[in-house]
Amino acid sequence: MHHDSDPPRALTVAVAPGVAPRLLRDIDDVEDLARYRAEGGYRVVGATAELLDQISTSGLRGRGGAGFPLAVKLSGVRAAALRGSRTVAVANGEEGEPASIKDKWLMRHRPHLVLDGLRLAAAVVGAHRAVVYLSDGESARAVDHALTELDAAAITEVPIELVVVEPGYVAGEETAAVRAVNGGPAKPTDKPPRPFESGVDGLPTLINNVETLAHLPFIQAHGGEAFRAVGTPGSPGTFLATVTGGGRGPGLYELAHGTPFATLLDLHGVPASEVRGALMGGYFSGLLGEPILDATLDHESLRALGSALGCGAVALLTDECPVTIAAAVLAYFDRENAGQCGSCFNGTAAMAAAATALHEHRATDTDLANLHRWSTVLRGRGACATLDAAANIAESLLTAFPAEVRAHLTGRCPTCADPAPLPLRPFHAETAVLA
Ligand SMILES: Cc1cc2nc3c(=O)[nH]c(=O)nc-3n(C[C@H](O)[C@H](O)[C@H](O)COP(=O)(O)O)c2cc1C
Ligand code: SF4
């Protein structure tokens, strides 16, 4: 297992065979304005109703985790603008998810692709203000420089600002982003209101993941039908997958939705025979056992397995014990939750304590029964979905890896004969060296 204290390992960036990349390029440095425009970027916006139609046809779903249809979100905020309200558009590049690197890669290497997508979305919702929200220093430098280039070339119609916050798991949640842009702490607030009703400055606010926005220039240039020419009917287009684990450095891959998991393993160079399961959607969507080996990578197929694609981060379990990983992730949530909601503050602490006891071979049947009960009753509590993520981890450990859980109860887990301290951030993708 890769530990936080280990030296960084290089990031592999590749495109699945047969896929024409829409987001990834062979770029080690930062793509500048001239290079981006040479590819046809920053086209004239044109009629926004037509662009919205094309986005609707494309079926593009959000890449930040929930997979929500972009056109629906755009339509809501656009309707407010058509009623005379001022509106705001936010690109969410916070990427608090430790096992994901895709948003940082886009901002560090193709900031203009993200900014082009943001200005197109801002145009569709009639925004008078646009914000790039992030926490990574290298991304901030690249985006800031790209904004300077845009100013000099007088390209965008809407003023775009950069808001940089301290990194944190919950800082990328949409209400936390809104609160931070409004000058508060990057911690979630109760919903409703949702940002599309009342967000930045109390105005209807569009907030989208930076990868979601980075798909828009393709749709503008080629149309919605071309976008969905690859992918599945329910999950159109390509997506970025961050892969960690398997004894290798992190990988960033562009795949068509519907790609067999086996293809991803080939790309990452890990034999299927070595994989006992995966942690899905970064830390969010829980663990899957061997059924992942026959799955395809799209929202429908993973939902049918009781899991989710989430932000596209897939951590491979090979030598790692799933009990250790679950305990480490629950301990991470115990540390990283915003400490605002009693159910989350206490619930993550209790689940982490039970899972840690299991990891250390000192859990009782009562601990296990409690873990099971908490993973059910705590769902939906708290202002944001962090507690759901913790419940996903606990529940999926118990259902996907019953033999390993039993082995830990009896003190006979072959992987953990001498349990090591829990890693602080297992499968942390940032341990890569990025150019
Ligand atoms: C605890 C938590 C953390 C989140 N972190 C991020 C994040 O770092 N980046 C992100 O884009 N979305 C994150 N989200 C999802 C956002 O709330 C929001 O749904 C997303 O930015 C919407 O963009 P999309 O529709 O383009 O996916 C998080 C959600 C939760 C519940
Ligand atoms: S649910 Fe947890 S992480 Fe979310 S706001 Fe409440 S305390 Fe913070």
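The values are calculated or read from the model by the stated rules, or taken from the named source; none is laboratory data. A quick note: this is a predicted structure, and the numbers were derived from the prediction, not measured. Note that each Cβ is placed from the backbone with ideal geometry, even for glycine, and that neighbours are counted across all protein chains shown. Remember, those area values only see protein heavy atoms, side chains included, never the ligands or the DNA or RNA. Shrake-Rupley method; radii C 1.70, N 1.55, O 1.52, S 1.80 Å.
Here is how the numbers come out for the structure above:
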{"read-out": "Test: residue in the stretch 380-400 that is of a type outside the set (Gly, Ala, Ser), free of Cβ contacts under 8 Å to residues at least 40 places away in the same chain and in contact with a His (Cβ under 7 Å, 6 or more places away or on another chain)", "value": "yes"}
{"read-out": "Qualifying residues in the stretch 124-139 (those that are outside any loop (DSSP other than H, G, I, E, B) and either more than 28 Å from residue 78 (Cα to Cα) or among the hydroxyl-bearing types (Ser, Thr, Tyr) (or both)) - the one most open to solvent (accessible area, probe 1.4 Å)", "value": "138"}
{"read-out": "Flag for residue 329 being crowded, with 24+ Cβ neighbours inside 10 Å and either hydroxyl-bearing (Ser, Thr, Tyr) or within 16 Å of ligand 1 (Cβ to nearest atom) (or both)", "value": "yes"}
{"read-out": "Yes/no for residue 396 being farther than 24 Å from residue 292 by Cα and out of contact with any Pro (no Cβ under 7 Å at 6 or more places or on another chain)", "value": "no"}
{"read-out": "Residue tally, condition over 30 Å from residue 426 (Cα atoms) and open to solvent by 10 Å² or more (accessible area, probe 1.4 Å), over the stretch 232-246", "value": "3"}
{"read-out": "Which numbered condition residue 249 fails, given (1) modelled with pLDDT of 95 or more; (2) out of contact with any Pro (no Cβ under 6 Å at 6 or more places or on another chain)", "value": "(1)"}
{"read-out": "Top-ranked residue of the stretch 324-350 - restricted to ones that are out of contact with any Phe, Trp or Tyr (no Cβ under 7 Å at 6 or more places or on another chain) and of a type in the set (Val, Ile, Thr), ranked as farthest from ligand 2 (Cβ to nearest atom)", "value": "324"}
{"read-out": "Residue 353 being in a helix (DSSP H, G or I) and either under 18 Å from residue 281 (Cα atoms) or within 13 Å of ligand 2 (Cβ to nearest atom) (or both)", "value": "no"}
{"read-out": "Flag if residue 208 is open to solvent by 40 Å² or more (accessible area, probe 1.4 Å), modelled with pLDDT of 95 or more and among the polar types (S, T, N, Q)", "value": "no"}
{"read-out": "Residue 244 vs. criteria touching a Phe, Trp or Tyr at 6+ places or on another chain (Cβ under 7 Å), more than 15 Å from ligand 1 (Cβ to nearest atom) and among the hydroxyl-bearing types (Ser, Thr, Tyr)", "value": "yes"}
{"read-out": "Sole exception among (1) open to solvent by less than 20 Å² (accessible area, probe 1.4 Å); (2) touching a residue at least 60 places away in the same chain (Cβ under 8 Å); (3) over 28 Å from residue 286 (Cβ atoms); (4) not in a strand (DSSP E or B) for residue 105, by number", "value": "(3)"}
{"read-out": "Qualifying position, being modelled with pLDDT under 95 and either open to solvent by 10 Å² or more (accessible area, probe 1.4 Å) or under 24 Å from residue 388 (Cα atoms) (or both), among 319, 266, 298, 294", "value": "319"}
{"read-out": "Those residues of the stretch 162-177 which are in contact with a helix residue (DSSP H, G or I) (Cβ under 8 Å, 6 or more places away or on another chain) and without any contact (Cβ under 8 Å) to a residue 60 or more places away in the chain, in sequence order", "value": "162, 163, 164"}
{"read-out": "Enumeration of residues in the stretch 22-39 that are surrounded by 13 or more Cβ atoms within 10 Å (Cβ to Cβ) and modelled with pLDDT of 95 or more", "value": "22, 23, 24, 25, 30, 31, 32, 33, 35, 36, 37"}
{"read-out": "Filter result (open to solvent by 60 Å² or more (accessible area, probe 1.4 Å) and more than 14 Å from ligand 1 (Cβ to nearest atom)) within the stretch 194-205", "value": "197, 201"}
{"read-out": "Exclusive hit being away from ligand 1 (no atom under 16 Å from the Cβ), part of a helix (DSSP H, G or I) and either small (Gly, Ala, Ser) or surrounded by fewer than 20 Cβ atoms within 10 Å (Cβ to Cβ) (or both), set 146, 176, 180, 171", "value": "146"}
{"read-out": "Of residues in the stretch 342-363 being surrounded by fewer than 19 Cβ atoms within 10 Å (Cβ to Cβ) and in contact (Cβ under 8 Å) with a residue 40 or more places away in the chain, the one nearest to ligand 1 (Cβ to nearest atom)", "value": "343"}
{"read-out": "Tally of residues being of a type outside the set (Lys, Arg), more than 11 Å from ligand 1 (Cβ to nearest atom) and in contact with a Gly (Cβ under 7 Å, 6 or more places away or on another chain) across the stretch 57-92", "value": "5"}
{"read-out": "Flag if residue 50 is open to solvent by 70 Å² or more (accessible area, probe 1.4 Å), modelled with pLDDT under 95 and of a type outside the set (Val, Ile, Thr)", "value": "no"}
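A quick yes/no check of all residues on (1) hydroxyl-bearing (Ser, Thr, Tyr); (2) more than 27 Å from residue 259 (Cα to Cα); (3) within 26 Å of the chain's Cα centre (by Cα); (4) outside any loop (DSSP other than H, G, I, E, B):
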{"residue": "17", "(1), (2), (3), (4)": "no, no, yes, no"}
{"residue": "21", "(1), (2), (3), (4)": "no, no, yes, no"}
{"residue": "25", "(1), (2), (3), (4)": "no, no, yes, no"}
{"residue": "41", "(1), (2), (3), (4)": "no, yes, yes, no"}
{"residue": "45", "(1), (2), (3), (4)": "no, yes, no, no"}
{"residue": "51", "(1), (2), (3), (4)": "no, yes, yes, yes"}
